[in-house]
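The values are calculated or read from the model by the stated rules, or taken from the named source; none is laboratory data. Quick caveat, the model's predicted, so the values are computed rather than measured. Note: ideal-geometry Cβ built from the backbone for every residue, glycine included; neighbour counts use all protein chains shown.
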Amino acid sequence: MNPRLTRRHFIKGVIYSSAAAMSGAGLYLANAQSRPAAAVERLISINVNGRTRRVDVLPQETLAHTLRYKLELTGTKLGCNRGECGACTVLIDDVTNYACSTLTHSVKLRVVTTVEGLQSPDGQLHPVQQAFLDELGPQCGFCTPGQVVATVALLKTNPKPTREQARQALSGNLCRCGAYDHYLNGVMRASGQLS
Amino acid sequence: MPSHDVMPDIELYQPVQVEDALALATRLAERGWLLGGGQDTYGWLKDRAKVPEAMIDLNGIESLRGIRETADGIEIGALTTLTELVNNPLIKERYSLLASAAEKVASPQIRNVGTIAGNVAQDVRCWYYRRGLSCYRAGGNLCYADTPEGMNREHAIFGASRCVAVTPSDTAPALVALEASMVIRSESGERVVAAEDFFIGPNVDIRNTTVLRPGEILTSVRLPATWANATFYFEKVADRNAWDFALVSIAAVMRESGGVIQDARFVAGAVQCTPRRLLDVESAVRGQPRTEATAQTLGTLASQGAQPLNHNGFKLHLVDSLAKRALIG
Amino acid sequence: MTFMYIGKDFTPPDAMGKITGQARYAEDFRKAGMVFARLLTSPVPSGIVRNIDATEALRMDGVVGILTADDLPAAPRPGVPALSNELTYVGQPILALVAISEQIAENALERIKLDIERRPFVVDPLASLTAGGPDAYPEGNVMSRTADGMALKSLKWSPDAVEAFRNGSDPGDVEYTTEWSYGDLDAAFAECSVIVEEPFVTAGYPHHSLEPRTCMSYWENGRCYFHGSLQSQSAANAPLARMLGIELEDLCFINETTGGGFGSRIGPYPFMAISGYLSRNLNRPVQVRITREEEFFIGSARSGMQGWIKAGLKPDGRVAAVDVIIVNDGGSSGSGSGASSAGAISVVYQPTAMRFRGVSVFTNTTPRGAQRGPGQNEMHAVLAPIMDKAANQLGMDRLAFRRLNAPDNNAKVEANQGPVTSAYMREAIDMGSELFDWPTRVNQPRRNGSKVIGVGVGMAYHGAGNNGFDGIVRIGPDGKIYLHTGVGNLGTYSYAATVRAAAEVLQCRWDNCEIVRGNSDFGLPHSSGQGGSNTIFTHTRSNWVAAQDAVTKLKEIAAAELGGTIEDYSIGEERVFKTATPTEGLTYAEAAQRAITMGGRYSGAEYPDDINELTALAVQRIAGSGLIGVAKDNLEKNGTAPGLAIGFAEIELDLDTGKYDIRDYLGVAECGTVVHPKGLSHGMNGGGVWGMGMAGFERHVYDPQNGLPANVGLYQSKPPTFLDVPVSMRHSAVNIADPQTPIGARGIGEPAMGCAAAAVMSAIADALGGHLFNRTPVTPDMIIDHVAQNTYNNKSLKINTF
């Protein structure tokens, strides 16, 4: 056994006197105490990619978590889990959302579309996907599902966006590789403005 | 130091009536957390830096949605998203200042779910505070930013009172400029607070940036006709053009008549803990034409009395520049 | 040379998975019984863990194990240990806790109590260099050579010397740890009519690859199956096997797709030991996913520089002499690239005499490592306006000045002044000047109200080609061509672009080729790491030689079957046939069948002696499955293969707000033959975005009072968004073949960034009438402070600060 793993002395760092960051004492009240009644039911149905899925969802569970780890829809990526990068972008009722910052319980009556739900039933690529393929939109690809989904949402409301409108619409989707130019070419191709 | 990004155990309530939400808010008090768009919620919870026991998800309450005309202006439901503000014909037509401000918030995804209530009620972005340090605002007894070597480029140049964090909201200066009033409900009734009084600095309450108290819910924001279709100017200067907070922002409303400004309200964001009325600027421009010459007379009026920290002296010049630009448009 | 595939676009096979969401990154792999580890990291910048009380955590339901530094082999120090009890930066991993779910693991971390003894810390290299200043490690602040190798020691400069350095002067008689020089510096300066002398600072900053690195591993029958997120594939096997203490054949490394790397994931990083050891100890699959915050902490970062430069121009504009001093902020790993920074100057400006003196100082900030053009790109960026100043003083056009000094085929490289394989920088400059219309741009009206236009130019260099690696191609009895590659998939598509060299040699249909990659059990050759802009050069060569070997074997098989010698045979349309009577021949499928029958070197039962052990293992795996072409790249290469680029930028800077829009950006690559146009476009434009991030946004900020990092998250680190770069970006390439490599291609990934950073920095200075900030990044507050004549002191060499 590890020699350092037996004792209990603990010196708080001066600057961490809030203790929240280090000791964790008293942080799990939510676990320990009884809660008021009438909280949400855990077993819920959600509509994802045209299918109704019955899932056991914790009250605090994020949609990204449900999609990736319960429904095996791993195309929705977790780049930051903080709503700062856009890799987890999904459509909820055709509007872009950060799935990492959405509670699954909040989408019960709504329609969720992930990157996996864009292809037609016969497997044909969505026009946005085809355009992104033709323009070789991705580099590392980690942000790509989010870029594809954000573009699908844009073209639903603005079928012929200008390049400027397109980048405004995609501005919540960070691409660390800097493939922005290729993605915008993809948007222009998908909207029939690039031959 | 654990680094978290998984949501902790917490209960969730999804009331569909505002009365039920108020009852929950009253019952849970500090143990409850009101949930709108949630974009300034999950980070706190994932970090375990705020540890409420339950979230009260307001999104199912239809009465908190929508933008309606009233006898004197319009009323914006608290759950109205920033995207809805940007696209709403009434807002665009009469109060485009607010649409311009809302459009500058973070990113499209955040605007799609972020609400007007959440945008004004969001907590400060001081990085020390967000790291979970025990600063004044977090209940401790020191400020890490207001020190000779503190990293305080984004912090306040006005109104410091132990805490030097600034208001992070893009819509707040616009609402103050438009003389909005905030409708606040609790189980004991309703109170209406002027936007200017809704935001409070650390000298009033170091733990809260608004007058909202446990058990209260901001249900709507009213915009009076006073400034409808006035001359507007909004500008936000941030490092990045998406997903960033203002270094300084400005929201200005002006009524012109006979070639001169009859009345005006100039409000700066990110220079102090609350949106800052630039009263000296307002006085100086009243009765003056919107010209370069008038702008030059403003000089350093906007930054008059500022007390910069060691890394944010640039905000003085910036707020002065923005005041002039707002005047000229 | 006319190529079938080289220089033509194609759709790399992994692109489909990326746009459908089916591409699998390390964290997308699950395995039955898998458990999850999370890290507990240091809250202090410097200290010693005296006690870890995990009693309560380990008692929690669902917690299955813990790993601490004491459970791992002793790591060399100073270094970047996977886990450590010696804490040298905030965020350093101390232990990993394992549970049946991530949430339980996170909850359990809260129950662990640490007893930490604090030590003094430092976040500014010059503060540490100052006599009496703190050292990041108990033994010192720099690495220095001793009789027994490298060791830590405490290196100090007098306060006066540091003060002189901070004020922009040569600090005089002080100690450095790295020095080189060539030519007669004093004589060269004596010839100069213009001499500029400037201090400079460049900020370090995190890579923040979008995929937080994840490891998942499990053991079966004594073999470790390891899913990782690396830039490289085959380059991982040997070091990872060593890290896990197993034989090369007992490691199966799987890495189909990686979410960016930019230098931070070239080879196995120590963190990977955690899942490897835990999965072995617990005998079940273990995944370690880290948070975005932890990606900041352990995901590596660029080293910062505090420096001084003196450069002299002869009356004709030739750069005669450069003298440069660089103090690197090495973070807790001590890694700096000062010598590379200086070396890059020697290439781009070709000074006749040069001296570099440097020291890389440990600080209690995150570990540093290679980041896209490490050392070179920040040097190019901060130097561009300084060189502009020199050219302006001489009354020379900035572009003409660069053209005069540009590297050509006679260029000399770095300290040893070795040769280049080729260099056509003048051609790049001329191409860029025309496409950008430089003369018109620089002569346009500049001021419009508070807006002012700035026009900038910047050049960049990075070594861009290696040699001596192996290639494997296999022709199956099904007639398909299997192109085995050990090149990783980091997003550049170079794994696919380079195997096209083999298809080119085999003159086969591209749609009849299958790229074999992503899993070392598939039989992948020894390859370079996918870093340092080298893959295009290095692996077009290795694929070329492997395919040549296959062609030779095809001809030998045909000659054995149909008579004659190999000289009598040709290939084409996936047949090997008699040149004189083309109907006599074998299809590739038939030849592959014969190869299997003939065995020996044809089937891979035997292979060359000079191939790497990993390649030998790969050949053993695939032996008997077809005709095996396998060879080591023994092609001639004399000199450094340079990657060169020039960037042009026009900005509109707002004097009121300190903000600027990049209205036009053009990057021109000088990378030999263009292999994959869309790949080049990605490299140039993506590099351009990175350069704009360096020039205007990205930096470490640490509070010197407590050693805390201020900008950990993405919104605080500020990588450029869609709205922070031009709405359209332009690029071009010289496209002249390098004579020292079969298809003539060199790499470009790193200079693609440096030239953009340099061009934007040059444009900022130009917009402000030649004002030098002498630092990267230049942020709006700095521009405002300059305009407002606030007392912004850019000569204090402050670093890790606003």
(request) Select from region B:4-25 the residues that are in contact (Cβ under 8 Å) with a residue 24 or more places away in the chain and part of a loop (DSSP other than H, G, I, E, B) and list them in ascending order. (result) B:4, B:5, B:6, B:7, B:8, B:10, B:14, B:15, B:16, B:17
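Sort out for me the strands (runs of 3 or more DSSP E) sitting completely within region C:415-518 that have 2 or more residues that are surrounded by 24 or more Cβ atoms within 10 Å (Cβ to Cβ) and not basic (Lys, Arg). Even if it seems obvious, please write down each step before you answer.
Values: elements: C:451-463, C:470-475, C:481-484, C:513-516.
Result: C:451-463, C:470-475, C:481-484.
How about region B:224-274: which of its residues are polar (S, T, N, Q), within 13 Å of chain C (Cβ to nearest Cβ) and surrounded by fewer than 24 Cβ atoms within 10 Å (Cβ to Cβ)?
Kept after step one, since they are polar (S, T, N, Q), are these residues of region B:224-274: B:226, B:229, B:231, B:241, B:249, B:257, B:262, B:272, B:274.
With within 13 Å of chain C (Cβ to nearest Cβ) added as a condition, the list becomes B:241, B:249.
B:241 - this is the single residue of region B:224-274 that is polar (S, T, N, Q), within 13 Å of chain C (Cβ to nearest Cβ) and surrounded by fewer than 24 Cβ atoms within 10 Å (Cβ to Cβ).
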(request) Only helices (runs of 4 or more DSSP H) wholly contained in region B:26-142 count here; list those with 1 or more residues that are within 13 Å of chain A (Cβ to nearest Cβ). (result) B:42-47, B:82-87, B:96-103, B:108-113, B:116-121, B:127-130
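Would you pick out the residues in region B:167-203 that are part of a loop (DSSP other than H, G, I, E, B) and touching a Pro at 6+ places or on another chain (Cβ under 9 Å)?
Keep residues of region B:167-203 that are part of a loop (DSSP other than H, G, I, E, B), which gives B:167-170, B:178-180, B:187-188, B:200-203.
Residues satisfying the conditions are B:167, B:169, B:178, B:179, B:180.
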(message) For region C:556-636, give me every one of the helices (runs of 4 or more DSSP H) that falls completely inside it and has 1 or more residues that are among the aromatic types (Phe, Trp, Tyr).
(response) C:588-598, C:600-603
(message) So, residue C:11, is that one in a loop (DSSP other than H, G, I, E, B) and at pLDDT below 95 or not?
(response) no
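Could you say which residue among B:325, B:290, B:286, B:277 is closer than 24 Å to residue B:228 by Cα, within 11 Å of chain C (Cβ to nearest Cβ) and surrounded by fewer than 23 Cβ atoms within 10 Å (Cβ to Cβ)? Can you show your working first?
Working: B:290 fails: within 11 Å of chain C (Cβ to nearest Cβ); B:286 fails: within 11 Å of chain C (Cβ to nearest Cβ); B:277 fails: within 11 Å of chain C (Cβ to nearest Cβ).
Going through B:325, B:290, B:286, B:277 in turn, the sole match is B:325.
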(message) Go through region A:88-108 and report how many residues are within 9 Å of another protein chain (Cβ to nearest Cβ), out of contact with any Phe, Trp or Tyr (no Cβ under 6 Å at 6 or more places or on another chain) and either outside any strand (DSSP E or B) or within 18 Å of residue C:24 (Cα to Cα) (or both).
(response) 6
(request) Just give me the residues in region A:69-85 being surrounded by 23 or more Cβ atoms within 10 Å (Cβ to Cβ) and more than 18 Å from residue C:293 (Cβ to Cβ), in sequence order. (result) A:73, A:74, A:75, A:76
(message) I'd like to know if region C:105-122 contains one or more residues that are small (Gly, Ala, Ser) and within 14 Å of chain A (Cβ to nearest Cβ).
(response) yes
(request) Count, please, the residues in region A:111-146 that happen to be more than 9 Å from every other protein chain (Cβ to nearest Cβ) and either at positive phi or among the polar types (S, T, N, Q) (or both). (result) 4
(request) Look at residue A:66 and say whether it is assigned to a strand (DSSP E or B), more than 10 Å from every other protein chain (Cβ to nearest Cβ) and of a type in the set (S, T, N, Q). (result) no
(message) Could you check region C:686-697 and list, in sequence order, the residues that are away from chain A (no Cβ under 11 Å) and farther than 14 Å from residue C:201 by Cβ?
(response) C:696, C:697
(message) So in region B:13-25, with the set limited to residues that are within 11 Å of chain A (Cβ to nearest Cβ) and crowded, with 20+ Cβ neighbours inside 10 Å, which one is nearest to residue B:213 (Cα to Cα)?
(response) B:24
(request) Taking the residues in region C:180-200 that are among the acidic types (Asp, Glu) and surrounded by fewer than 15 Cβ atoms within 10 Å (Cβ to Cβ) as candidates, determine which candidate is farthest from residue C:416 (Cα to Cα). (result) C:197
(request) Kindly establish whether residue A:165 is of a type outside the set (Ser, Thr, Tyr) and facing chain C (nearest Cβ under 8 Å). (result) no
(message) From the list C:57, C:37, exactly one residue is more than 7 Å from chain A (Cβ to nearest Cβ), assigned to a helix (DSSP H, G or I) and modelled with pLDDT of 95 or more. Which is it?
(response) C:57
(request) Filter region B:299-322 down to the residues that are closer than 13 Å to residue B:268 by Cβ, among the hydrophobic types (A, V, I, L, M, F, W, C) and more than 9 Å from chain C (Cβ to nearest Cβ), then identify the one that is surrounded by the most Cβ atoms within 10 Å (Cβ to Cβ). (result) B:319
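Do we have residue C:737 as more than 14 Å from every other protein chain (Cβ to nearest Cβ), within 26 Å of residue A:185 (Cα to Cα), aliphatic (A, V, I, L, M) and out of contact with any Cys (no Cβ under 9 Å at 6 or more places or on another chain) here? Give the derivation first.
Details: more than 14 Å from every other protein chain (Cβ to nearest Cβ): yes; within 26 Å of residue A:185 (Cα to Cα): no; aliphatic (A, V, I, L, M): yes; out of contact with any Cys (no Cβ under 9 Å at 6 or more places or on another chain): yes.
No: the conditions fail for residue C:737.
Can you pull out every residue in region B:151-168 that is in contact with a strand residue (DSSP E or B) (Cβ under 7 Å, 6 or more places away or on another chain) and either surrounded by fewer than 22 Cβ atoms within 10 Å (Cβ to Cβ) or within 25 Å of residue B:323 (Cα to Cα) (or both)? It would help to see each step written out before you state the result.
Taking region B:151-168 first, the residues in contact with a strand residue (DSSP E or B) (Cβ under 7 Å, 6 or more places away or on another chain) are B:151, B:158, B:167.
If the condition is that a residue be in contact with a strand residue (DSSP E or B) (Cβ under 7 Å, 6 or more places away or on another chain) and either surrounded by fewer than 22 Cβ atoms within 10 Å (Cβ to Cβ) or within 25 Å of residue B:323 (Cα to Cα) (or both), then B:158, B:167 are the ones that fit.
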(request) From the list C:606, C:567, C:613, C:574, pick out the single residue that is buried (at least 17 other Cβ atoms within 10 Å of the Cβ) and acidic (Asp, Glu). (result) C:574
(message) Of the residues B:134, B:100, only one is more than 15 Å from residue B:80 (Cα to Cα) and either crowded, with 24+ Cβ neighbours inside 10 Å or free of Cβ contacts under 8 Å to residues at least 12 places away in the same chain (or both); which?
(response) B:134
